[in-house]
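Asks: What follows is a single structure, and I will ask about it in a moment.
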Amino acid sequence: DRPPTHHQRGTVNQSSPEQPADVVARLRATFRTGRTKPVEWRTAQLRRLRDLLTEHGDDLAAALHADLGKSAAEAQRTEIGFTIREIDHTLDHLEEWLRPESAPVPAHLGTDATAWTQYDPLGVVLVIAPWNYPVQLLLTPVVGALASGNAVVVKPSEMAPATSAAIARLLPAYLDTDAVAVVEGGIPETTALLAERFDHIFYTGNGAVGRIVLRAAAEHLTPVALELGGKSPAFVDRDADLAVVADRLARGKFLNAGQTCVAPDYVLTDPETAAALEPLLVSAVEKVYGADPQTSGEYGRIVNERHFDRLFGLLDSGRVVVGGRSDRSDKYIAPTVLADVDPKAPVMAEEIFGPILPIVTVPGLDAAIDFINDRDKPLALYVFTDSGDTRARIAAETSSGALGYGLPLAHLTVSDLPFGGVGESGMGNYHGRYSIETFSHRKALLEKPLA
Ligand code: NAD
């Protein structure tokens, strides 16, 4: 076999002979030369990635439309522009984030001793991404990995094939192909990759595969971040302005046809508030997507038939307040609100990850807190209330990856907040300086002069 030519190198698929072990070895050799370590290399790569996103934004938006029916505006806001903002924030602050930090030295070491920490890159890292935001959730970790001075193997989701192909074509054209490689494929390719030794694995997706990743990483003692999902509750207090709540719930839930890891999964409220909220959710859905969301250019589609069938089976878990319609040939499921939902109904058994919003009623705040604590720790918890006491109680008495008061999803657009889960919703976090923490080793240094 002849070695791959330079232009074949960045991407691995059926047309390229490069195997996972060869990819990792090649990137590791690059890392060993020290080429990825200077901050100048890192910022140059980030600028190239920015160029890719601005020069090929239309190609990526077209791929996102093909995979998920995303509108151009939504693709820009939640994927392309989102990643550009992360790059800009990182370029603005990287040198400051990388600055060594001094540590006070105890008296027994004498007054001439000094101690400090510095961030070291980890080496070759693997980023495995899901299909629901296949640009953002692939490239935002890559921003952190490159900013930290690592070489990166990137594994897009095979369930967003147009985006995967676009990434495999574009990334090698812009980035240093000796330090960044795209490996396309599904379970066999990912399994083969996971047999290799990486210095970090950053996985976004479901908890079942998260366990597979963690087990594979254990073999090599490789640190992992697992960005998982789960059912994120939205608690609505009786004192809240319900028209505002309905509008924000509808926008947060039905974005990307509900296929958002931090989407409000279900509404938790008392029976009177539920009754008052129902008509307001009907008008909120109509305000955002019109009387027939299927004809709205702003409303997305379900990723594939398998997920369509799964979601279709959840539509009769309660009384339909709005929506309920579906069209398998178009992978369309209407924005749907279900009321009178039994906590034991199928729609409450697993993360919905689609455009179905069940309303579950509880007597009040105490019961709501118990309901949340009886279940897995969510990736996000949303609380709609005017009461400071209620906000404080929920913050103190529950655990979740993030806690959002009054507005779903928005916390993940704040680059200075860590984004990640806890318990079943994952481990580790990223965004902004937290990505540097994740993709670096904070090395301890001590110096005592010899004379
Ligand atoms: P997916 O099916 O695209 O899988 C994610 C990745 O895992 C893909 O790259 C896929 O190739 C790989 N994979 C699948 N099976 C594998 C196996 N057996 N071995 C090795 N690798 C395998 O995406 P998904 O898991 O359906 O994503 C949806 C889930 O991800 C939801 O639970 C959602 O909440 C969660 N999610 C979390 C976040 C977050 O940031 N915390 C973001 C998006 C999605």
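The numbers here are math on the coordinates, done by the rules we state, and not lab data. Everything numeric in this text was worked out from a predicted model, so none of it was measured. Counting neighbours? That spans all protein chains shown, and the Cβs are built from the backbone with ideal geometry, glycine included.
Asks: Give the residue from Gly406, Ala396, Thr78 lying farthest towards the positive end of the charge dipole for the chain; charges sit on Cβ (+1 for Lys and Arg, -1 for Asp and Glu) and the dipole is referred to the Cα centre.
Replies: Of the options given, the answer is Thr78.
Asks: Are any of the pairs Lys155/Lys331; Lys231/Lys443; Lys70/Lys443 more than 32 Å apart by Cα-Cα distance, and if so, which?
Replies: Lys231/Lys443; Lys70/Lys443
Asks: Within region 202-261, list the chymotrypsin sites (Phe, Trp or Tyr not before Pro) lying in a DSSP loop whose Cβ has at most 10 other Cβ atoms in a 10 Å radius.
Replies: Here no loop site has a sparse enough neighbourhood.
Asks: Where both residues lie in the chain, what percent of DSSP beta bridges are antiparallel, nearest 5?
Replies: 35 percent
Asks: Still on this model: PRE reach from Ile187 (point 7 Å along Cα→Cβ): which of region 415-442 fall under 11 Å by backbone N?
Replies: Counting backbone N atoms under 11 Å from the label point, the list is empty.
Asks: Still on this structure, I have one more. Hey, if you drop one equal point scatterer on each alpha-carbon of the chain and run the Debye formula without solvent, what base-10 log of I(q)/I(0) do you get at q = 0.08, 0.10, 0.14 Å⁻¹?
Replies: Results for the chain at q = 0.08, 0.10, 0.14 Å⁻¹ read -0.49, -0.75, -1.28.
Asks: To continue, here is another question. Given a Förster radius of 41 Å and the C-beta distance between Val422 and Lys448 as r, what FRET efficiency does 1/(1 + (r/R0)^6) yield to the nearest 0.05?
Replies: FRET efficiency, Val422 to Lys448: 0.55.
Asks: Remind me, relative contact order of the chain in percent, using alpha carbon pairs under 8 angstrom and six or more residues apart?
Replies: 19 percent
Asks: Using alpha carbons only, how many angstrom separate the centre of region 110-183 from the centre of region 89-104?
Replies: Between the Cα centre of region 110-183 and that of region 89-104, the gap is 19 Å.
Asks: If you wrap a convex hull around the alpha carbons of region 301-451, what volume per residue comes out, as a whole number of Å³?
Replies: In region 301-451, the Cα convex hull volume per residue is 177 Å³.
Asks: While we're looking at this one, here's another question. Assuming R0 = 45 Å, what is the FRET efficiency of Glu101 and Ser329, from their Cβ-Cβ distance, to the nearest 0.05?
Replies: With R0 = 45 Å, the Cβ-Cβ based efficiency is 0.20.
Asks: Figure the gain on full extension for Ala195 and Val414 (residue separation times 0.36 nm, minus the Cα-Cα span) and round it to one decimal in nm.
Replies: 75.3 nm
Asks: Right, another one. Calculate, for Asp241 and Val282, the FRET efficiency according to 1/(1 + (r/R0)^6) with r their C-beta to C-beta distance and R0 30 Å; round to the nearest 0.05.
Replies: 0.95
Asks: Only Lys, Arg, Asp and Glu count, each charged at its Cβ (+1, +1, -1, -1), so figure out the dipole size of the chain about its Cα centre, rounded to 20 debye.
Replies: It comes to approximately 1160 debye.
Asks: Further question on the same structure: Using only the alpha-carbon atoms, how far is helix 207-220 inclined from the longest principal axis of the chain? Give it as 0 to 90 degrees, nearest 10.
Replies: Relative to the chain, helix 207-220 is tipped by roughly 20 degrees.
Asks: So between Ala72 and Val39, what do we pick up on full extension, going 0.36 nm a residue minus the alpha carbon distance?
Replies: So the chain would gain 8.5 nm between Ala72 and Val39.
Asks: Would you please put 146-159, 239-252 in order of how densely packed they are, using the mean number of other Cβ atoms within 10 angstrom per residue and starting with the highest?
Replies: Peptide ranking by packing, descending: 146-159, 239-252.
Asks: Using +1 on the beta carbon of Lys and Arg, -1 on that of Asp and Glu, and nothing else charged, what's the dipole of region 190-262 about the Cα centre, debye to 20?
Replies: 200 debye
Asks: Rounded to the nearest 5, what is the percent of antiparallel bridges among the DSSP beta bridges in region 240-380?
Replies: Antiparallel bridges make up about 45 percent of those DSSP assigns within region 240-380.
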